[in-house]
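Right, one structure below, let's go through it.
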Amino acid sequence: MQKVSVHWEIKDSDTCQYFLDKNISSQSVNYTDSQTAGRSPLAAKIFGFPWTKAVEVAPQHVIVAKHDWVEWDVLAEPLAGLIKEHISERGERVEENPELKTAAEIHHPLAEPLTALLENEINPQVASHGGYIRLMDVKENKVYISMEGGCQGCSQSQATLKEGVATTIKKYFPQVADVIDMTNHAHGENPYYT
């Protein structure tokens with residue numbers, strides 16, 4: 001795991017900027033919702049918190065905008081720890097991944113409602129274990145997902161997939177015949193509990 005330094009500056013009541021001592025992105029990208037944040041694992045992770053309003057991921061900083069019902073004196077330091085841990089685990093890989101599709105780029109009528117289901121029902125449950133489920137594609141009656149964060153490499157990932165993710169998706173979308181995990185559970189510097 002690579003050591004990363006993160007310090008922050010509260011810009012105003014809504015935004016805080018986190019400065020990094022390494023490059024994490026090849027460009028600056030502003031994410032205004034959880035669906036567009038799918039291209040950045042860090043932005044997607046931050047959008048897992050309901051207080052998140054927007055996230056900008058730049059080469060050497062991250063700017064987070066929050067809703068006004070929570071204060072930075074509660075959030076700033078724990079969020080710095082989350083950012084530091086995330087970047088340390090990712091090593092040299094950059095955040096922005098143009099190969100990942102957003103729901104709008106998956107040309108299937110179920111893409112948007114499946115993404116909403118993941119964000120509103122499934123991800124809040126797996127977030128308690130540091131996990132995140134990403135919709136990768138929909139082809140015919142098959143849904144392709146990626147299990148990230150604490151789900152990648154977890155010994156319980158297949159139980160989570162079958163008993164949690166697939167069951168919930170099929171409950172809301174009975175036309176889905178199969179939910180396929182595309183995660184490489186052995187990949188990465190620090191897959192969870194391998």
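Readers should treat all values here as calculations from the given coordinates under stated rules, not as data from a laboratory. Keep in mind that this is a model prediction, so the values were computed, not measured. Note that each Cβ is placed from the backbone with ideal geometry, even for glycine, and that neighbours are counted across all protein chains shown.
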Kirkwood Rh and Cα-based Rg: tell me the resulting Rg over Rh for region 103-181, rounded to two decimals. 0.93
Among Ile122, Ile133, Ile87, which comes first, then next, by fewest other beta-carbon atoms within 10 Å? Ile122, Ile87, Ile133
Sequence order, region 113-118: Karplus ³J(HN,Hα) from phi using 6.51 cos²θ - 1.76 cosθ + 1.60, θ = phi - 60°, Hz rounded, Gly and Pro as x, gives x, 5, 4, 4, 5, 4
Which order do Ser28, Ser40, Ser155, Ser88 fall in if you start with the one that has the fewest other Cβ atoms within 10 Å? Ser155, Ser28, Ser88, Ser40
Antiparallel DSSP beta bridges within the chain, as percent of all bridges there, nearest 5: 85 percent
Once you keep just the Cα pairs under 8 angstrom separated by 6 or more residues, what percentage relative contact order results for the chain? 18 percent
Hey, fewest Cβ within 10 Å first, where do Thr167, Thr160 land in order? Thr167, Thr160
Sorted by chain and number, the residues with a modelled amide H under 5 Å from that of Tyr31, at a separation of 5 or more or across chains, are Val55, Glu56, Val57
Taking a cut-off of 17 Å between Cα atoms, list the lysines near Lys170, but don't count ones fewer than 8 places away on the same chain. Lys139, Lys142, Lys162
Nearest 5 is fine: what % of DSSP beta bridges in region 103-181 come out antiparallel, could you say? 65 percent
Report the FRET efficiency, 1/(1 + (r/R0)^6), for Ile180 and His107, where r is their Cβ-Cβ distance and R0 is 22 Å, rounded to 0.05. 0.80
Between helix 72-90 and the chain, what is the angle of the helix's C-alpha long axis to the longest principal axis, kept within 0 to 90° and rounded to the nearest 10? 70 degrees
Mind pulling the per residue volume of the convex hull built on the Cα atoms of the chain? Å³ is fine. 113 Å³
In region 6-90, how many lysine pairs have Cα atoms under 19 Å apart, counting only pairs 8 or more places apart or on different chains? 8
Taking square-rooted eigenvalues a ≥ b ≥ c of the alpha carbon gyration tensor, is region 1-87 rounded, prolate or oblate, where a/c under 1.5 means rounded and, failing that, a/b exceeding b/c means prolate? oblate
Amide hydrogen neighbours beyond the local backbone of His108, cut-off 5 Å, H modeled: none
